[in-house]
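Asks: I have a structure here, written as structure tokens, and I will follow up with some questions on it.
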Protein chains: 2
Amino acid sequence: MKRSAQVFEYSKDTEQLAKFAKALGHPARIIILKHLSNQSCCFTGDLLEVLPLAQSTVSQHLKELKDAGLILGEVNPPKVKYCIDMENWKIAQQLFSTLFREDFSKIDCC
Amino acid sequence: MKRSAQVFEYSKDTEQLAKFAKALGHPARIIILKHLSNQSCCFTGDLLEVLPLAQSTVSQHLKELKDAGLILGEVNPPKVKYCIDMENWKIAQQLFSTLFREDFSKIDCC
DNA sequence: AATATTCATCGTATATTTGCGATGAACAAT
DNA sequence: ATTGTTCATCGCAAATATACGATGAATATT
């Protein structure tokens, strides 16, 4: 990718918000999160009935949501119970809210 | 990518939210949006002073934000003035708000 | 012991994203 | 006419993402 040796760093908040947004950037993962926030918790199998995807693909999406910190997986072999990671969920809520809650009163040019 | 011939379709809202989130999924684009919402409008050149990226790369990020409907580019050769697309911005605000504004009172399992 | 269920991970194929430099288009100023 | 400014787009390279089937691990059931 020809990445130049960057000295630059984005702020923590910016990185965090981009990370959350990226994890939300696929319809399947939106579905998963909506499902989790409606059903409190669920197993991978439950999601297979909701999503038109192979089990391995869903597992991959779950991994990405977990890596982003949006969900938690409670292992209970051979099942895994997933639920929203409330701590980070609130942070995400806050970051998105801040991004959108800007004061546009001064805008008059477009 | 071995995509199977899907009959399935995600809901409009889900697709729309994922599209917005995807566009927000890079720190450079977060910076751009924050800059725009602070400065009302700006030119590409202004962003080059804020971002550690080549002009062509910034232009590419702007294109993605434009394609997602989050910003507008008012051509004024040889300059282009960018600003937030307020109409879609409000929709995004609404969609994210709805996603996060879930009632978790019933949750007691994790 | 054999089988079934649940799930993560690996290997593979393809698409998309990120980034750069180079080029070119559009106009303004010389 | 030439030059400078501003910006999009092209061509390229490398990294990431999306998706599948296959395999394997863990456990429960038979």
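Asks: Every other copy gets compared here: list the nm distances from the A:GLU9 label point (7 Å along Cα to Cβ) to its counterparts, shortest first, one decimal.
Replies: Distances to the matching label points in the other copies: 4.7 nm.
Asks: Another question, then. Using a Debye calculation, one point per C-alpha and no hydration shell, please list log10 I(q)/I(0) for the protein assembly as shown at q = 0.10, 0.17, 0.18 Å⁻¹ in order.
Replies: Once normalised to I(0) and log-transformed, intensities are -0.51, -1.21, -1.30.
Asks: OK, next. Short version: ³J(HN,Hα) in whole Hz for each residue of the range B:69-85, in order, from phi by Karplus 6.51 cos²θ - 1.76 cosθ + 1.60 (θ = phi - 60°), x for Gly and Pro, what are they?
Replies: x, 7, 9, 10, x, 9, 6, 8, x, x, 9, 10, 9, 9, 8, 4, 7
Asks: Mind putting together the pair-distance distribution for chain A? All Cα pairs, 10 Å bins, whole percent per bin, short to long.
Replies: For chain A, the binned pair fractions read 12, 38, 26, 17, 7, 1 percent.
Asks: Still on this structure: 7 Å along Cα→Cβ for the label point: how many nanometres lie between A:GLN60 and each equivalent label in the other copies, listed shortest first?
Replies: Taking the point 7 Å beyond Cα along Cα→Cβ, the inter-copy spacings are 2.2 nm.
Asks: Tell me, how many Å apart are the Cα centres for the range A:19-37 and for the range A:49-77?
Replies: That distance is 10 Å.
Asks: Give the nm distances, rounded to one decimal, from B:GLU49 to the matching residue in every other copy, measuring between label points 7 Å along Cα toward the beta carbon; shortest first.
Replies: Output for B:GLU49: 5.9 nm, nearest copy listed first.
Asks: Give me, ordered by chain and number, the residues 5 or more places off A:VAL80 or on other chains with an amide H under 5 Å from its own placed amide H.
Replies: Answer set, sorted by chain and number: A:THR44.
Asks: With an 8 Å Cα cut-off and a minimum separation of 6 or more residues, compute the relative contact order for the range B:12-92 in percent.
Replies: Once divided by the residue count of the range B:12-92, the mean separation gives 32 percent.
Asks: Here is a follow-up. Taking only DSSP H segments of four or more residues, each worth -39500 (n - 2.57), what value at 222 nm results for chain A once the sum is divided by all its residues, to the nearest 500 deg cm²/dmol?
Replies: The helix-only estimate for chain A comes to -16000 deg cm²/dmol at 222 nm.
Only the coordinates and a few stated rules stand behind these numbers; no lab work does. If you're wondering where the values come from, they're calculated on a predicted model, not measured in any experiment. As a convention, Cβ positions derive from the backbone with ideal geometry for all residues, glycine included, and neighbour counts pool all protein chains shown.
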